[in-house]
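FYI, it's all coordinate maths here, none of it is from the lab. Keep in mind the model is a prediction, meaning the values are calculated, not measured. As a convention, Cβ positions derive from the backbone with ideal geometry for all residues, glycine included, and neighbour counts pool all protein chains shown.
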Amino acid sequence: MTASSRPPHPRERRTAQDRRAQLVQIGLELLPTTPVQELTIDEVARRAGISRSLLFHYFANKREYYTAVTRAAADLMWEHLLPAPGTPPEEQVVGMLDRYVGWVETFRESHLAFVRGAGGGDPWVSEVYEETRRRLVEVALAALELPDDALRRQLLLAWFAFTEDLVGQWVHEPTTPRPELLELLRDVLRKVTER
């Protein structure tokens with residue numbers, strides 16, 4: 001039997017969990033150039049080699065798919081921002097800030113869509129966004145050795161909002177060198193948390 005006369009290999013069947021993971025991964029691969037709300041189901045299905053209707057076998061609707069991609073992207077950002085185990089407390093926030101600026105530089109449009117989607121009232125984006133912010137506040141409270149009270153949480157949330165906005169603008173139009181931007185953000189954080 002020659003190679004050309006052999007029957008083709010049967011298609012490898014994926015489990016539902018594997019297929020869902022593949023579809024979310026395709027969404028993640030598209031995010032650097034396409035905000036999640038602009039992902040087209042047809043393009044995702046085409047890249048996966050499945051029909052549009054089969055995609056909806058794994059996700060009940062577009063919103064469920066977009067939520068899964070948004071949550072996966074937020075988890076990736078979270079893992080990227082977290083300090084390495086054993087990092088001294090005074091270096092944790094500095095490192096997180098530097099990695100955050102790099103993240104926004106790489107995923108500016110998608111990150112902007114994430115922040116605006118949360119602010120615009122998309123409930124599926126807001127839920128993931130708020131959860132991510134809460135986790136970041138907890139890391140910052142621990143790293144800065146601050147009391148965990150309502151006032152400190154509010155101040156840190158306000159600082160995160162300021163940071164998101166400033167970094168988003170800076171990535172679009174860098175008006176100061178990156179080290180100066182990071183120092184400004186650290187300075188504002190010090191002032192906000194020294195109460």
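For the condition under 19 Å from residue 115 (Cβ atoms), loosely packed, with under 12 Cβ neighbours inside 10 Å and not small (Gly, Ala, Ser), what is the one hit in 164, 173, 194?
173
Would you please list the contacts, defined by Cβ atoms under 6 Å and residues six or more apart or on different chains, that run from a residue in region 162-174 that is in a helix (DSSP H, G or I) to a residue that is of a type in the set (Val, Ile, Thr)?
Every condition considered, the pairs that remain are 164/115; 167/101; 167/104; 171/104.
Could you check region 144-190 and list, in sequence order, the residues that are farther than 15 Å from residue 94 by Cα, of a type in the set (A, V, I, L, M) and under 18 Å from the mean Cα position of the chain (by Cα)?
157, 161, 166, 171 - these are the residues of region 144-190 that are farther than 15 Å from residue 94 by Cα, of a type in the set (A, V, I, L, M) and under 18 Å from the mean Cα position of the chain (by Cα).
Condition test on residue 132, is it farther than 27 Å from residue 61 by Cβ and of a type in the set (Ser, Thr, Tyr)? Break it down stepwise before answering.
Values: farther than 27 Å from residue 61 by Cβ: no; of a type in the set (Ser, Thr, Tyr): yes.
No; evaluated as a whole, the condition is false for this residue.
Tell me, please, whether a residue that is loosely packed, with under 14 Cβ neighbours inside 10 Å, in a helix (DSSP H, G or I) and among the acidic types (Asp, Glu) can be found in region 87-94.
Yes, some residue in region 87-94 is loosely packed, with under 14 Cβ neighbours inside 10 Å, in a helix (DSSP H, G or I) and among the acidic types (Asp, Glu).
Within region 58-80, restricting attention to residues that are free of Cβ contacts under 8 Å to residues at least 12 places away in the same chain and not hydrophobic (A, V, I, L, M, F, W, C), which residue is nearest to residue 28 (Cα to Cα)?
If we take residues in region 58-80 being free of Cβ contacts under 8 Å to residues at least 12 places away in the same chain and not hydrophobic (A, V, I, L, M, F, W, C), then 75 is nearest to residue 28 (Cα to Cα).
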